[in-house]
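Take a look at the structure below.
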Amino acid sequence: MRILVCISHVPDTTTKVKFAENNTRLDQTGIQWVINPWDELSLTRALELKDDAGNGVESVSVAHVGPVSAEPTIRKALAIGADAAFRVDAEPRDAYQVAAQLKKIFETAAFDIILCGIESSDYNGSNVGSMLAEMLDLPSVSAISGLRIENGAIIVTREIDGGKEQLSVEVPFVGIVQKGIAKEPRIASMRGIMQARTKPIQLIEPAPAEPLTAISTFDPPKPRAACKFADPENPAQLIEWLQNEAKVL
Amino acid sequence: MSVIVYTENWDGKFKKLSYELVSYAVKLAEMLQTQAIALSIGDVDDQELKTLGRYGIGRIIQLDRGPLSHFDSQAYARLIADTASKENANVLIMANNNAGKSLAPRVSVRLKAALASGVNQLPVSLQPFLVSKRVFSGNAFAQMELKTDTRILTLAQNSFDLAENPADPVIERSVASLEAPPSGTRVLDIQKQSGKTLLTDAEIVVSGGRGMKTPDNWAPLVELAELLGGATACSRPVSDEGWRPHEEHTGQTGKIIAPNLYFAIGISGATQHLAGISSSKYIVAINSDKDAPIFEAAQYGIVGDASKVLPALVEAVKKMKS
Ligand SMILES: Cc1cc2nc3c(=O)[nH]c(=O)nc-3n(C[C@H](O)[C@H](O)[C@H](O)COP(=O)(O)OP(=O)(O)OC[C@H]3O[C@@H](n4cnc5c(N)ncnc54)[C@H](O)[C@@H]3O)c2cc1C
């Protein structure tokens, strides 16, 4: 069993995002890049599965679409424990174009389980994983919060409205991962960091795919009205405002 | 030319979200001077389908389940893409929920149609086709151009007002046909809790954070939610600690919701938490720290100890109700 974890890198969530050139692009100065939180959890789960020899996981690789400047993020994933990495040397432009690049990795090497995060915390698209599955004509399961291997069969748990569902999936498949897949992201050990330096990052030529969308401008969210305070001794006042002023009760 | 709206059903029934989608599609069709068509897949009877007509839909394509035993994104995406091509759709609308998120990207690839997910208003312009969407977990909005002739939009729940506009829809019923139904996934087990308001559907949400102190303090919070017909939620540390179930966790790594009213009780208002709730129409904060960042996001607030304020609020709501 071979697992591929697709990782994107995103500004650290505490970063104050700013825009440049008349709000037409992200201002990258001072941004701390981190592995997208769901991708970090997917990687953690993949490594947990590999740790248990009974699962028969041969290798865990990571895939990233992006320029050379993203290599620290890839090295971080290798330091956490991935065995190998693939990088498609293309500027990510939209979900469709990124999925087309990831498809190229799958054509270069075979994998049984491909994991993608449910969304990337920058453009909040939730699109890459399912697009990749469709491009590869593979089954996929979205919003999975559990993944295990039982006698060689893959069992996933997915969240549905008001509950949970367990499914068995044939490999190869694409799993789109949400919270719950692993408890805490695994962190790199000193030894992992040393080893990561010599692990291979295979460079892949971009596929000739054009994006279908383009962002023209960014706007900050509309400022909210200042908070109106009710007297803690008199919460009925708050209820009255909600009823008659906001009209939400 | 047409606008197609995919209306998912829950055990043969629609819900408010379905009518929001239809209201949106009818309005967009009007802007594009074309007709809106609803597409429904599964076991839905005519009486239920007709309810979509209240919001102005004139035509409904109903595909009975046929060979499909359960929801399979590969199979459903094919049916939706085929219908969109047959009806020459300019725009396809779906919900930005679990099903929509798994279907829309697949349909986008099949039709090579640009996709914008999580839109919360009508397009900003039709030529070029520009929509506004939430990015950086709510820290900004982007104007996105959809560059293909067919476009797909997924609409955020509770972001578009229902628009009543009665019509008597024509229902075209047929059986879903797939040459070879994909069989990659098999359902082993389903666990569903019934009767509770879903967090994503709730118009009022009462949410607690670490300031609730212990899991034993939740009773008045739950009571407040029940009295208001709402759902309960929590911050991430609260679900990490196991004080509340994981499904209740809202925020960047949890659920993203947009209720009409969100009570944040003992929640500091970290950016990651706000990322999940900042689209709420009204936020009420109850916090003992007057400088807590949650008050910058809230329209109404009470500075005070949750263990005292909550029971008093419950009493005030009971009084209002009687
Ligand atoms: C990658 C990443 C993703 C994350 N995703 C999420 C997410 O999705 N959702 C999320 O919620 N968090 C998320 N977090 C965590 C987030 O940064 C905060 O740590 C978390 O939201 C804080 O939870 P809290 O407000 O309940 O607790 P705290 O920050 O501890 O705040 C408790 C609040 O309660 C108040 N309080 C204390 N006692 C009382 C009292 N008696 N009465 C009233 N008020 C009182 C305090 O003044 C304080 O404001 C994420 C963090 C990271 C790094």
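The values are calculated or read from the model by the stated rules, or taken from the named source; none is laboratory data. This structure is a prediction, so every number in the text was calculated from the model and none was measured. Cβ sites come from the backbone with ideal geometry, for glycine too, and all protein chains shown count toward neighbours.
Being touching a helix residue (DSSP H, G or I) at 6+ places or on another chain (Cβ under 6 Å), of a type in the set (S, T, N, Q) and within 16 Å of the ligand (Cβ to nearest atom) is the filter here, so list the residues in segment A:95-142 that pass it.
Correct list: A:Ser121, A:Ser126.
Among the residues of segment B:304-322 satisfying the criterion of being within 9 Å of the ligand (Cβ to nearest atom) and either within 7 Å of another protein chain (Cβ to nearest Cβ) or under 27 Å from B:Arg134 (Cβ atoms) (or both), which is farthest from the chain's Cα centre (by Cα)?
B:Gly304
Please work out which one of (1) in a strand (DSSP E or B); (2) more than 16 Å from the ligand (Cβ to nearest atom) is the condition A:Val34 fails and give its number.
The failed condition is (2).
Quick check: anything in segment A:22-43 surrounded by 20 or more Cβ atoms within 10 Å (Cβ to Cβ) and farther than 26 Å from B:Asn139 by Cα?
yes
Does B:Thr250 count as closer than 29 Å to A:Val177 by Cα, in contact with a strand residue (DSSP E or B) (Cβ under 6 Å, 6 or more places away or on another chain) and near the ligand (Cβ under 10 Å from one of its atoms)?
yes
Quick check on segment B:290-303: of everything there that is of a type in the set (Gly, Ala, Ser) and facing another protein chain (nearest Cβ under 9 Å), which residue is surrounded by the most Cβ atoms within 10 Å (Cβ to Cβ)?
Result: B:Ala298.
A:Ala70 passes all but one of (1) at pLDDT below 95; (2) outside any helix (DSSP H, G or I); (3) under 21 Å from A:Pro211 (Cα atoms); which number fails?
So the condition that A:Ala70 fails would be (2).
Inside segment A:96-209, counting only strands (runs of 3 or more DSSP E) that do not spill past its ends, which hold 2 or more residues that are surrounded by fewer than 17 Cβ atoms within 10 Å (Cβ to Cβ)?
A:140-150, A:153-160, A:163-169, A:201-204
Could you tell me which numbered condition B:Val124 fails, if it satisfies all but one of (1) in contact (Cβ under 8 Å) with a residue 24 or more places away in the chain; (2) more than 9 Å from every other protein chain (Cβ to nearest Cβ)?
Only one criterion is unmet by B:Val124, namely (1).
Which residues, counting only those in segment A:217-228, are assigned to a strand (DSSP E or B) and either surrounded by 15 or more Cβ atoms within 10 Å (Cβ to Cβ) or over 27 Å from the mean Cα position of the chain (by Cα) (or both)?
Hits for segment A:217-228 are A:Thr217, A:Phe218, A:Lys228.
Taking the condition of being free of Cβ contacts under 8 Å to residues at least 12 places away in the same chain and at the interface with chain B (Cβ under 7 Å from one of its Cβ atoms), how many residues in segment A:221-241 meet it?
11
Specify which of the listed residues (B:Lys112, B:Lys147) is within 19 Å of A:Ser130 (Cα to Cα) and surrounded by fewer than 18 Cβ atoms within 10 Å (Cβ to Cβ).
When all the criteria are applied, what remains is B:Lys112.
B:Ala275: among the aliphatic types (A, V, I, L, M), closer than 21 Å to A:Leu242 by Cβ and in the same structural domain as B:Pro215 (by TED's automatic domain parsing), yes or no?
So B:Ala275 does not fit the description; no.
From the list B:Thr232, B:Thr154, B:Thr197, B:Thr150, exactly one residue is of a type outside the set (A, V, I, L, M, F, W, C) and within 16 Å of the ligand (Cβ to nearest atom). Which is it?
Sole residue among the options that is of a type outside the set (A, V, I, L, M, F, W, C) and within 16 Å of the ligand (Cβ to nearest atom): B:Thr232.
I need the full set of residues from segment B:285-301 which are near the ligand (Cβ under 7 Å from one of its atoms) and either of a type in the set (S, T, N, Q) or not assigned by TED's automatic domain parsing to the domain that holds B:Ser235 (or both), in order please.
Once the filter is applied, which keeps residues that are near the ligand (Cβ under 7 Å from one of its atoms) and either of a type in the set (S, T, N, Q) or not assigned by TED's automatic domain parsing to the domain that holds B:Ser235 (or both), segment B:285-301 yields B:Asn287, B:Ser288.
Return the residues of segment B:127-154 that are within 18 Å of the chain's Cα centre (by Cα) and either touching a residue at least 40 places away in the same chain (Cβ under 8 Å) or outside any strand (DSSP E or B) (or both); say none if nothing qualifies.
Hits for segment B:127-154 are B:Arg134, B:Ser137, B:Gly138, B:Ile152, B:Leu153, B:Thr154.
Looking at (1) crowded, with 19+ Cβ neighbours inside 10 Å; (2) part of a strand (DSSP E or B); (3) more than 7 Å from chain A (Cβ to nearest Cβ), which is the one condition that is false for B:Leu199?
It fails just one condition, (2).
Take segment A:138-157 and flag every residue that is free of Cβ contacts under 8 Å to residues at least 24 places away in the same chain and more than 8 Å from chain B (Cβ to nearest Cβ).
Correct list: A:Glu150, A:Asn151, A:Ala153, A:Val156, A:Thr157.
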